[in-house]
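Peer 1: So that we are looking at the same thing, I have put the structure below in structure tokens.
The values are calculated or read from the model by the stated rules, or taken from the named source; none is laboratory data. For clarity, every value in this text was computed on a predicted model and none was experimentally measured. Cβ: placed from backbone, ideal geometry, glycine included. Neighbour counts: every protein chain shown.
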Amino acid sequence: MTSPLDLYPLSENAPEQAVSASGMPLAGLTLDAIASQRIEAGDIRISADVLRLQASIARAAGRDRLALNLERGADLVAVPQDLILDTYEMMRPGRISEPRLLSQRAEMLRRDYGANTIAALIDEAVAVYERRNLFRRRY
């Protein structure tokens with residue numbers, strides 16, 4: 001059995017697995033394809049599968065924190081950008097007064113998008129914010 005490390009770099013050792021969010025192979029992303037307008041936005045977005053594969057490579061190399069961040073990125077591929085930005089804004093210390101709002105957001109991300117690692121990060125943030133009194137106080 002091969003190690004995930006044997007796949008690194010994907011573009012050289014596993015190009016058939018390096019596909020964009022639309023399923024376009026890496027070899028299809030050429031300057032000619034761009035110039036002739038055969039490339040669309042989804043063709044240049046990374047896929048969740050590639051991010052998870054990169055995470056397995058990072059983990060095999062002993063880079064667990066990098067692997068976790070790549071897994072979080074994979075979770076976010078399916079989440080609309082406006083929802084990501086709104087969640088980020090909510091998570092800034094002092095932005096909201098109700099911890100349950102963040103907890104509800106974490107649950108929605110789990111339920112609607114399968115974003116379990118992101119939801120776990122939000123749950124962890126809620127606990128830290130409560131402990132450090134970082135939620136906005138109501139007057």
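Peer 1: Looking only at segment 24-69, which residues are within 13 Å of the chain's Cα centre (by Cα) and polar (S, T, N, Q)?
Peer 2: Result: 47, 54, 69.
Peer 1: Now for a different question. Residues that are assigned by TED's automatic domain parsing to the domain that holds residue 42 and not charged (D, E, K, R): which helices (runs of 4 or more DSSP H) entirely in segment 59-139 hold 3 or more of them? Outline the logic, then answer.
Peer 2: Values: elements: 64-76, 81-91, 99-113, 116-131.
Here the list reads 64-76.
Peer 1: Then there's this: Could you count how many residues in segment 72-115 are over 27 Å from residue 53 (Cα atoms) and aliphatic (A, V, I, L, M)?
Peer 2: Of the residues in that region, 5 qualify.
Peer 1: Need the failing condition index for residue 94 against (1) at pLDDT 95 or above; (2) over 22 Å from residue 24 (Cα atoms); (3) small (Gly, Ala, Ser), just the number.
Peer 2: That leaves (1) as the condition not met.
Peer 1: Being assigned to a helix (DSSP H, G or I) and either over 17 Å from residue 121 (Cβ atoms) or touching a strand residue (DSSP E or B) at 6+ places or on another chain (Cβ under 6 Å) (or both): is that true of residue 56 here?
Peer 2: Numbers: assigned to a helix (DSSP H, G or I): yes; either over 17 Å from residue 121 (Cβ atoms) or touching a strand residue (DSSP E or B) at 6+ places or on another chain (Cβ under 6 Å) (or both): yes.
Judged against the criteria, residue 56 is a match.
Peer 1: Checking the condition in contact with a Leu (Cβ under 6 Å, 6 or more places away or on another chain) and either surrounded by 13 or more Cβ atoms within 10 Å (Cβ to Cβ) or modelled with pLDDT of 90 or more (or both), which residue from 14, 33, 78, 21 passes?
Peer 2: 14
Peer 1: Considering only residues of segment 85-121 that are charged (D, E, K, R) and surrounded by 13 or more Cβ atoms within 10 Å (Cβ to Cβ), which is farthest from residue 68 (Cα to Cα)?
Peer 2: 95
Peer 1: Moving on. Could you list, in sequence order, all residues of segment 28-53 that are part of a helix (DSSP H, G or I) and either closer than 17 Å to residue 73 by Cβ or not small (Gly, Ala, Ser) (or both)? Before the answer, list the steps.
Peer 2: First, pick out the residues of segment 28-53 that are part of a helix (DSSP H, G or I): 28, 31-35, 41-44, 48-53.
Matches in segment 28-53: 31, 32, 34, 42, 43, 44, 48, 49, 50, 51, 52, 53.
Peer 1: Identify all residues within segment 121-134 that are without any contact (Cβ under 8 Å) to a residue 12 or more places away in the chain and closer than 14 Å to residue 100 by Cα; write none if there are none.
Peer 2: Once the filter is applied, which keeps residues that are without any contact (Cβ under 8 Å) to a residue 12 or more places away in the chain and closer than 14 Å to residue 100 by Cα, segment 121-134 yields 124, 127, 128.
For (1) more than 30 Å from residue 5 (Cα to Cα); (2) in contact with a Ser or Thr (Cβ under 8 Å, 6 or more places away or on another chain), each residue gets a yes or a no:
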position: 58; (1), (2): no, no
position: 73; (1), (2): no, no
position: 90; (1), (2): yes, no
position: 101; (1), (2): yes, no
position: 116; (1), (2): no, no
position: 126; (1), (2): yes, yes
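Peer 1: Hey, another quick one. Within segment 1-27, count every residue that is touching a Lys or Arg at 6+ places or on another chain (Cβ under 8 Å) and either of a type in the set (A, V, I, L, M) or not in a loop (DSSP other than H, G, I, E, B) (or both). Show your work before the answer.
Peer 2: Residues of segment 1-27 touching a Lys or Arg at 6+ places or on another chain (Cβ under 8 Å): 4, 20-22.
Subsequent filtering for residues that are either of a type in the set (A, V, I, L, M) or not in a loop (DSSP other than H, G, I, E, B) (or both) retains 4, 20-21.
Matching residues across segment 1-27 total 3.
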